[in-house]
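Chemist: Dumping the structure here so I can ask a few things about it.
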Amino acid sequence: MLALLLVLMSFAARAAHADPNPAVPLDAARLRLTLEKLQVMGSALFVAAHPDDENTAFLAWLANGRKVRTGYLSITRGDGGQNLIGSDVGERLGAIRTQELLAARRIDGAEQMFTRAIDFGYSKGPDETLEIWGREAILSDVVRAIRRFRPDVIVTRFPTDGGGGHGHHTASAILAEEAFAAAADPARFPEQIAEGLTPWGAKRLVWNAFRFGASGPDTTRGRLRVDVGAYDALLARSYTELAGESRSMHKSQGFGSAERRGAWENTFEHRLGSRATTELFEGVDLSWKRVAGGERVAAALARALKSFDPAHPRASLPALLDAREAMAKLPDDPLVESRRRLLDEAIRGAAGLWIDAIAARPLASPGSTVRVVLSVLDRGGVGVKVAKVSVVSGELIRPKGVTLSPRSTWIDTLTHSPDAALTPNVAWNDTFTVLISAGAALSQPYWLASPPIRGASVVREASLIGTPESAPATRAMFELEILGHRLAFEQPVVHRWTDPVQGERYRTFDVAPPVRLRFDRDVERFAADGTALLKVVVGPGDVPVEGSLDLSYEANLEGDAVATRTLHRSLDQAGDSVTEFGGEVRGTSLAQLTPSRRIRVVPGSPDTTLEFRIQVGDGPKAATTRVVYATFLTNDRLYNSRVVELDYAHIPIQTLAPPASIKLVQADIAMTARRVGYVMGSGDFGADALRELGAEVTLLTDKDLESAPLQNFDAIVIGVRAYNTRPRVLALQPRLLDYVAAGGRLVTQYQTADNAMNDRLGPFPFRISRDRVTVEGAEIRMPKPDHALLSKPNRIGAADFDGWVQERGLYFASPFDPRYDAVLASNDPGEPSRDGGLLYARHGKGVFIYAAYAFFRQLPAGVPGAWRLFANLVSPER
């Protein structure tokens, strides 16, 4: 055993590695497929707008059938969508959908890339999309992806004429076609050339044509044809079957897909570059001859394939090692580098090597230590010697007093050279004690490390742009000797545990703050007297720290001017009142706050809840929202983030570090509902908002809807997509309508269009359309300003629709029975009025409401007018 200290210097933000599971050696069939892939040079890049836009069957065919290096460039991470399997939306959903794409790629064999563009929700045209994203910035990202990946063929999923519907879709095709020429022009984005990228001209760009609603074969002249439903004997599956499994990883969008069997033709229309008449890679050299010195590599790889024995894969090792030696002498090239990685995977598979690096716990704080065990297992008995092992930090921010060139990285490494020969199938272990330095950065997806600017993420390090995720916080390097050849293998440091249901699980080792801060809720209302009681929950990390807890709040008080007040509270004296220091301080950042008295937080102690009663300062009398932050200052370091772990069974656990903040809504809001039943769907903030407004909220199960006394509720609210995610609710709709007829109030939030729901949700017929108003500032018209929904108990006016985020509403009713009151009307520019966003009807003694306006976005954002209108929806008209 080796117990040593590795001091990790301050390093750039890190987050979970794509697949924390140790690399499992390839089985015989996939090893054979890998050996075949190694014979083929060439690459293709598929470009579309969102996660789930990719043609997974085509990607599977490219990577496994055509055996070329295959990539998918998703312009966004899908953070503007809805989450069918949980309540995490926004940037959290973007992190989830990033991992869903990476999981899909591990199935279909392609690689994943992104730009900095943010999915800001549905857009009806490319002009709006490109203006919000920042056309030139995102074009540069696409160019960067092409120059880095160097594809022979570029394929777009959508046409440039708007036939893809969504503005993001069309914009992705426009950017791809512009980037086709720009990537080859050294005068375009010369800063990339200065970074070391070189211009690249792809052979051609084609559109992967689709014909929604069409039947029969595509007979369009001049289009290339590919059967992506072909069967692969090594996989014992067709590429469309593989695609069904891959696409089903998009679980947050409810995209579970059938594994189609049989021929399925895809067609491709020429757009740019050299026209192909027979097949996509016509005129492209797919052999090793395209690389100077590649003939020796090709010969060794051919020997490896010829000598392959599925029962004894180690027979191919000598040829594979010769290929690796020859490949090491080739000039740097992205395609060669990708084949080097694939070759190392083949060598691990042929040797039966198991390598891992396991941390004793998943999270560690700056200043703490963690035990890391490195293991190597020669399961194939090929004769492996461990020459050297290292634990290596990530890329580091420049340490104090050290001068680095702009492209340098600071690597801190602890090395041990055991020179140990392994006994076949007997594990060799080594233990390191790793000290996380006081300046170590917290684990965080790199694109979330800085606040975004309108439609794009801010990425400080250009080399990260386009990469799917941050590198692991810590990784292990294994230098092994196999049959006289020295090889280096890299493995992220991970944590392993046994779940009683799922069995053995892995997650990345991450760096977390030494004190865990969070408010007890996400949104709070100021009381009528202008006060608010804030509760900050303080939890310990894994190292004792001393410091102070501070609060600050920001409000937009005078146009774009931001005023910051700082509030201080000592943690070691219960009952302290809040003291305000300094009044308004313009331009003060959180890092400049004056500390209060010192306190101590000890590992293992229970969470503590601290109360802060604050008084709203001088400001506007109109409704407004403030954001309050909790900060902890210790040893000149400020911690102002939560620890958020996204745990979904189909993807690795993700660690995020969003600000520890709460939104404070200052508005006059009345609500008469006291008892509310809530039918949760895919997850929304409505139930929490109603509790904050003073209602007693009961989350209703399907059994409750079937047999509980519903008349006990002043109102029942159907959550977003509840009918889509809980089929039993639709079957029980007659009982809900009986509740209305007996005097109840049923508020149904938006549901996605589904023929099964048409004319069944309300007391009178209406259909859920795809109509939506995407411009969040679109004019709201009130045909009946004195309508009960707009006057009781809160008088709703134009100002209540100021400050809405992302969109007005989606899936409006159209058409609908004239017995419904259309309470609001709105539309996007140049479109007809959309009147089915808020419907109201009396039914018997009660009221039915369909509300397609996007309360699920506005309530958690603390939009005051949306809170006031939502209170009206559930308030009985007494």
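The values are calculated or read from the model by the stated rules, or taken from the named source; none is laboratory data. As the structure is a prediction and not an experimental result, all values here were calculated from the model. Cβ placement follows ideal geometry from the backbone for every residue including glycine, while neighbour counts extend to all protein chains displayed. The protein model used for the area step is the full one, side chains on, heavy atoms only, and it has no ligands, DNA or RNA in it. Shrake-Rupley method; radii C 1.70, N 1.55, O 1.52, S 1.80 Å.
Chemist: Restricting to region 736-748, name every residue that is touching a His at 6+ places or on another chain (Cβ under 9 Å) and surrounded by fewer than 18 Cβ atoms within 10 Å (Cβ to Cβ).
Modeler: Passing the criteria: only A741.
Chemist: Output the qualifying pairs, or none if there are none: Cβ atoms under 7 angstrom, residues six or more apart or on different chains, first residue in region 804-818 and of a type in the set (A, V, I, L, M), second residue open to solvent by 50 Å² or more (accessible area, probe 1.4 Å) and not in a loop (DSSP other than H, G, I, E, B).
Modeler: A813/R767
Chemist: Quick one: which of R760, R728, R767 is closer than 25 Å to G677 by Cβ, open to solvent by 50 Å² or more (accessible area, probe 1.4 Å), outside any loop (DSSP other than H, G, I, E, B) and basic (K, R)? Spell out how you get there, then give the answer.
Modeler: Values: R760 fails: outside any loop (DSSP other than H, G, I, E, B); R767 fails: closer than 25 Å to G677 by Cβ.
Result of the check over R760, R728, R767: R728.
Chemist: On to the next question. From (1) part of a helix (DSSP H, G or I); (2) open to solvent by 10 Å² or more (accessible area, probe 1.4 Å); (3) among the polar types (S, T, N, Q), pick out the condition that doesn't hold for S316.
Modeler: Failed condition: (2).
Chemist: Starting from region 632-660, take each residue that is within 23 Å of A103 (Cβ to Cβ) and list its partners that are acidic (D, E) and open to solvent by less than 30 Å² (accessible area, probe 1.4 Å), counting only C-beta distances under 8 angstrom and pairs at least six apart or across chains.
Modeler: L646/D88; H650/E100; I651/E100; T655/D510
Chemist: Being within 13 Å of T56 (Cβ to Cβ) and open to solvent by less than 60 Å² (accessible area, probe 1.4 Å) narrows it down to one of S238, S274, so name that one.
Modeler: Working: S274 fails: within 13 Å of T56 (Cβ to Cβ).
Result: S238 is the single residue among S238, S274 that is within 13 Å of T56 (Cβ to Cβ) and open to solvent by less than 60 Å² (accessible area, probe 1.4 Å).
Chemist: Any idea which residue in region 623-656 is nearest to P864 (Cα to Cα), counting only those that are open to solvent by 20 Å² or more (accessible area, probe 1.4 Å) and among the hydrophobic types (A, V, I, L, M, F, W, C)?
Modeler: A623
Chemist: Here are some conditions: (1) of a type outside the set (S, T, Y); (2) open to solvent by less than 40 Å² (accessible area, probe 1.4 Å); (3) assigned to a helix (DSSP H, G or I). V284 meets all but one. Which one does it not meet?
Modeler: If we test V284 against (1) of a type outside the set (S, T, Y); (2) open to solvent by less than 40 Å² (accessible area, probe 1.4 Å); (3) assigned to a helix (DSSP H, G or I), just (3) comes out false.
Chemist: Of everything in region 622-651, what is of a type in the set (K, R) and closer than 24 Å to V863 by Cα? Give them in sequence order. Explain how you work it out, then say what you get.
Modeler: The first filter runs over region 622-651 and keeps only residues of a type in the set (K, R), leaving 626, 637, 642.
Within region 622-651, R626, R642 qualify.
Chemist: I want to confirm something. Restricting to region 426-440 and keeping residues that are surrounded by fewer than 21 Cβ atoms within 10 Å (Cβ to Cβ) and over 19 Å from I358 (Cβ atoms), which single residue is nearest to the chain's Cα centre (by Cα)?
Modeler: Among those that are surrounded by fewer than 21 Cβ atoms within 10 Å (Cβ to Cβ) and over 19 Å from I358 (Cβ atoms), it is G439.
Chemist: When the residues of region 772-801 are narrowed to those that are of a type in the set (D, E) and at pLDDT 95 or above, which ends up least open to solvent (accessible area, probe 1.4 Å)?
Modeler: We begin by selecting, within region 772-801, every residue of a type in the set (D, E); these are 776, 779, 786, 800.
Right, trim to at pLDDT 95 or above and you get 779, 786, 800.
Details: E779: 121, D786: 115, D800: 19 Å².
Result: D800.
Chemist: Still on this structure, I have one more. Does any residue of region 200-209 turn out to be open to solvent by 20 Å² or more (accessible area, probe 1.4 Å), of a type outside the set (F, W, Y), more than 21 Å from A44 (Cβ to Cβ) and over 25 Å from the mean Cα position of the chain (by Cα)? Lay out the reasoning, then the answer.
Modeler: The initial filter retains those residues of region 200-209 that are open to solvent by 20 Å² or more (accessible area, probe 1.4 Å), namely 200-201, 203, 207.
Retained after the next criterion (residues that are of a type outside the set (F, W, Y)): 201, 203.
Subset that is more than 21 Å from A44 (Cβ to Cβ): none.
Looking through region 200-209, none of the residues is open to solvent by 20 Å² or more (accessible area, probe 1.4 Å), of a type outside the set (F, W, Y), more than 21 Å from A44 (Cβ to Cβ) and over 25 Å from the mean Cα position of the chain (by Cα).
Chemist: Is region 464-486 home to any residue that is more than 28 Å from I358 (Cα to Cα), open to solvent by less than 30 Å² (accessible area, probe 1.4 Å) and out of contact with any helix residue (DSSP H, G or I) (no Cβ under 7 Å at 6 or more places or on another chain)?
Modeler: Within region 464-486 (the criterion being more than 28 Å from I358 (Cα to Cα), open to solvent by less than 30 Å² (accessible area, probe 1.4 Å) and out of contact with any helix residue (DSSP H, G or I) (no Cβ under 7 Å at 6 or more places or on another chain)), the answer is no, since none of the residues qualifies.
Chemist: For E100, all conditions in the list (1) open to solvent by 10 Å² or more (accessible area, probe 1.4 Å); (2) under 14 Å from the mean Cα position of the chain (by Cα); (3) charged (D, E, K, R); (4) more than 27 Å from E191 (Cα to Cα) hold save one; what is the number of the exception?
Modeler: It fails just one condition, (1).
Chemist: I'd like to know if region 216-235 contains one or more residues that are farther than 26 Å from S43 by Cβ, among the small types (G, A, S) and open to solvent by 20 Å² or more (accessible area, probe 1.4 Å). Walk me through how you get there before you give the answer.
Modeler: Taking region 216-235 first, the residues farther than 26 Å from S43 by Cβ are 216-217, 219-221.
Next, from what is left, pick out any that are among the small types (G, A, S): 216.
Narrowing the set further to residues that are open to solvent by 20 Å² or more (accessible area, probe 1.4 Å) leaves 216.
The answer is yes, given that some residue of region 216-235 is farther than 26 Å from S43 by Cβ, among the small types (G, A, S) and open to solvent by 20 Å² or more (accessible area, probe 1.4 Å).
Chemist: Take region 37-54 and flag every residue that is farther than 19 Å from V336 by Cβ and open to solvent by 10 Å² or more (accessible area, probe 1.4 Å). Give the steps one after another, and end with the answer.
Modeler: So the first thing to find is which residues in region 37-54 are farther than 19 Å from V336 by Cβ, and the list is 46-54.
Answer for region 37-54, where residues must be farther than 19 Å from V336 by Cβ and open to solvent by 10 Å² or more (accessible area, probe 1.4 Å): H50, D52, D53.
Chemist: Counting only residues that are under 20 Å from L102 (Cβ atoms) and in a loop (DSSP other than H, G, I, E, B), how many does region 236-281 have? It would help to see each step written out before you state the result.
Modeler: Here is the first cut: in region 236-281, the residues under 20 Å from L102 (Cβ atoms) are 239, 242-257.
Add one more test, that the residue is in a loop (DSSP other than H, G, I, E, B), and what stays is 248-250, 254-257.
So the answer is 7.
Chemist: Could you tell me whether Y678 is outside any helix (DSSP H, G or I), touching a residue at least 24 places away in the same chain (Cβ under 8 Å) and surrounded by fewer than 23 Cβ atoms within 10 Å (Cβ to Cβ)? Step through it out loud before you land on a result.
Modeler: On the way: outside any helix (DSSP H, G or I): yes; touching a residue at least 24 places away in the same chain (Cβ under 8 Å): yes; surrounded by fewer than 23 Cβ atoms within 10 Å (Cβ to Cβ): no.
It is false that Y678 is outside any helix (DSSP H, G or I), touching a residue at least 24 places away in the same chain (Cβ under 8 Å) and surrounded by fewer than 23 Cβ atoms within 10 Å (Cβ to Cβ).
Chemist: Would you point out which residue out of Q733, Q751 is surrounded by 17 or more Cβ atoms within 10 Å (Cβ to Cβ), touching a Lys or Arg at 6+ places or on another chain (Cβ under 7 Å), within 23 Å of T701 (Cα to Cα) and free of Cβ contacts under 8 Å to residues at least 40 places away in the same chain? Don't jump to the end; show me each part of the working.
Modeler: Working: Q751 fails: free of Cβ contacts under 8 Å to residues at least 40 places away in the same chain.
Just a single option satisfies the conditions, and that option is Q733.
Chemist: Given (1) in contact with a Leu (Cβ under 7 Å, 6 or more places away or on another chain); (2) assigned to a loop (DSSP other than H, G, I, E, B); (3) over 16 Å from T34 (Cα atoms); (4) of a type in the set (A, V, I, L, M, F, W, C), where does F308 come up short, assuming only one miss?
Modeler: It fails just one condition, (3).
Chemist: Quick check on my filter: what residues within region 329-377 are open to solvent by less than 10 Å² (accessible area, probe 1.4 Å) and closer than 25 Å to T498 by Cβ?
Modeler: Across region 329-377, the qualifying residues are L353, I355, D356, A357, A359, A364, S365, S368, V370, V372, L374, V376.
Chemist: Taking G530 as meeting all but one of (1) more than 30 Å from V392 (Cα to Cα); (2) modelled with pLDDT of 90 or more; (3) open to solvent by less than 50 Å² (accessible area, probe 1.4 Å), write down the number of the exception.
Modeler: Answer for G530: the failing condition is (2).
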